[in-house]
Amino acid sequence: MADLTAPVTAPAAAPDYGLDAPGVVVGNVVGGAAALAGAPLVWRVLNRRNKILAGAVSGWLGLWGAVGIAQGGLMWRSSRAGKLDERDRLLDALPWRGDEMVLDVGCGRGLLLLGAAKRLSAGRAVGIDLWRSQDQAGNTRAATMANAEAEGVADRVELRDGDARALPFDDASFDVVLSSLALHNIGDGDGRRIAVQEIVRVLRPGGHVALLDFAGTAGYALALTQAGLADVRRSQRRLGMWPPVRVVTGVKATRLFAAQ
């Protein structure tokens, strides 16, 4: 017989990694819906004067509306499922011992940060962010720590406030440095280059870097190469996320290799 006096344990909350670029998603869907709704009205108004013009304008509005709604839907799916698959693909491609010090630059609600922490046994995962909600819905330290608790890795995770262009860490502090959909938010090319240089600075010799983004990846690869990283690679477009993303990877040369 079941023990009716035993305490009831509430199920752990599922992690929520948020909607990326919420303003863009909403803008696409609302704008697309408005365009679709307006297309018949434009047809009726313009058709009285010029049927060719009416067909062209209403057709353009209908197409633009359909594309906007589709784009918003693809971005929503990317945030809910696609980025989870791409996270696993990225992390699975890295060699893990379990004792690494890991940094996630622009960690947001912890997608890469916590995925890396789950691969650690004696290491630690540090996330740094400016916590801007326009980049990701509900992007706060509290939300990230709630996800860490839900994933069972809170004891291996540390969160810091900071800018990718001035990382508050000593040189050669991390074995792995990660970033996902963060560096493109730096508005100028020089700023993104400085951020990549900072990533290289805090990376230990022999350490790995992996940067996932939908824009700016050619610049990331160039900056890593110019900083002396070895085996710098830029993947093909990956359609599991929308907009499609690329991953830039590299390995920091060891002192022995660098001296040769």
Subject >> By accessible area with a 1.4 Å probe, ligands and nucleic acids excluded, highest first: order of Phe174, Phe214 >> reply: Phe214, Phe174
Subject >> Reach of Lys83 by Cα under 21 Å, taken over lysines that are not fewer than 8 positions away in the same chain >> reply: Lys118
Original post:
What residues have an amide H closer than 5 Å to that of Gly206, excluding those fewer than 5 places away on the same chain, when H is modeled at 1.01 Å from N in the peptide plane?
Top reply: Lys252, Ala253, Thr254
Subject >> Length-normalised contact order for segment 31-156 - Cα pairs under 8 Å, 6+ apart - percent >> reply: 18
Original post:
Taking the Cα-to-Cβ direction at Gln197 and at Ser121 and moving 7 Å from each Cα, how far apart do the two end points lie in nm?
Top reply: 4.0
Original post:
Ordered by residue, what ³J(HN,Hα) values in Hz, to whole numbers, does segment 146-159 give under the Karplus form 6.51 cos²θ - 1.76 cosθ + 1.60, where θ = phi - 60° and Gly and Pro are x?
Top reply: 4, 5, 4, 5, 5, 7, x, 10, 4, 6, 10, 10, 9, 10
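Compute the FRET efficiency between Asp99 and Glu149 as 1/(1 + (r/R0)^6), taking r as their Cβ-Cβ distance and R0 = 25 Å, and round to the nearest 0.05.
Working: r = 23 Å, r/R0 = 0.91.
Between Asp99 and Glu149 the formula returns 0.65.
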**OP:** Find the relative contact order for segment 95-172 and round it to a whole percent, using C-alpha pairs within less than 8 Å whose residues are 6+ positions apart.
**Re:** 32
**OP:** Express the carbon and sulfur contribution to the solvent-accessible surface of segment 138-260 as a percent, rounded to the nearest whole number, probe 1.4 angstrom.
**Re:** 51
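What is the packing order of peptides 99-106, 20-27, 76-83, taking the mean over residues of other C-beta atoms within 10 Å and listing the highest first?
Details: 99-106: 24.4, 20-27: 17.2, 76-83: 18.8.
The most tightly packed comes first, giving 99-106, 76-83, 20-27.
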**OP:** Looking at the chain, send over the antiparallel percent of its DSSP beta bridges, to the nearest 5.
**Re:** 35
**OP:** Could you state the angle between the C-alpha long axis of helix 83-92 and the longest principal axis of the C-alpha atoms of the chain, as a value from 0 to 90 degrees rounded to the nearest 10?
**Re:** 30
Subject >> Backbone HN-Hα couplings from phi across segment 227-236 [Karplus 6.51/-1.76/1.60, Hz, Gly and Pro as x] >> reply: 7, x, 5, 9, 6, 6, 9, 10, 6, 5
**OP:** Using Cα centres only, tell me the gap between segment 127-177 and segment 198-244 in whole Å.
**Re:** 19
**OP:** Give me the accessible area per residue for the chain, probe 1.4 Å, as a whole number in Å².
**Re:** 51
**OP:** Enumerate the amide H contacts of Met101 below 5 Å, restricted to partners 5 or more residues apart or on another chain; note that Pro and chain-start residues carry no placed amide H.
**Re:** Arg124, Asp175, Val176
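Please work out how much length the chain gains when fully extended from Asn50 to Arg233, using 0.36 nm per residue of separation minus the C-alpha to C-alpha distance, in nm with one decimal. Show your work: numbers first, answer last.
Details: separation 183, 0.36 × 183 = 65.88 nm, distance 5.45 nm.
Stretched fully, the Asn50-Arg233 segment lengthens by 60.4 nm.
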**OP:** Give a residue-ordered list of calculated ³J(HN,Hα) values for segment 95-112 (Karplus: 6.51 cos²θ - 1.76 cosθ + 1.60, θ = phi - 60°; whole Hz; x for Gly, Pro).
**Re:** x, 10, 9, x, 10, 5, 8, 10, 10, 10, 8, x, 5, x, 7, x, 3, 6
**OP:** Mind checking which lysines have their Cα closer than 17 Å to the Cα of Lys51? Skip sequence neighbours fewer than 8 apart in that chain.
**Re:** none
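Would you mind calculating the relative contact order of the chain from Cα pairs under 8 angstrom and at least 6 residues apart, reporting the percent as a whole number? List each step's numbers first, then the result.
Working: 478 pairs, mean separation 43.8, N = 260.
With pairs under 8 Å counted, the relative contact order is 17 percent.
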**OP:** Quickly estimate the mean residue ellipticity at 222 nm for the chain, helices only: each DSSP H run with n ≥ 4 gives -39500 (n - 2.57), and the total goes over all residues, rounded to 500.
**Re:** -13500 deg cm²/dmol
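The values are calculated or read from the model by the stated rules, or taken from the named source; none is laboratory data. This one's a predicted model, so the numbers in the text were calculated from it and none came from an experiment. Positions of Cβ are backbone-derived with ideal geometry, glycine not excepted, and every protein chain shown enters the neighbour counts. Ligands, DNA and RNA are excluded from the accessible area calculation, which covers all protein heavy atoms including side chains. Shrake-Rupley method; radii C 1.70, N 1.55, O 1.52, S 1.80 Å.
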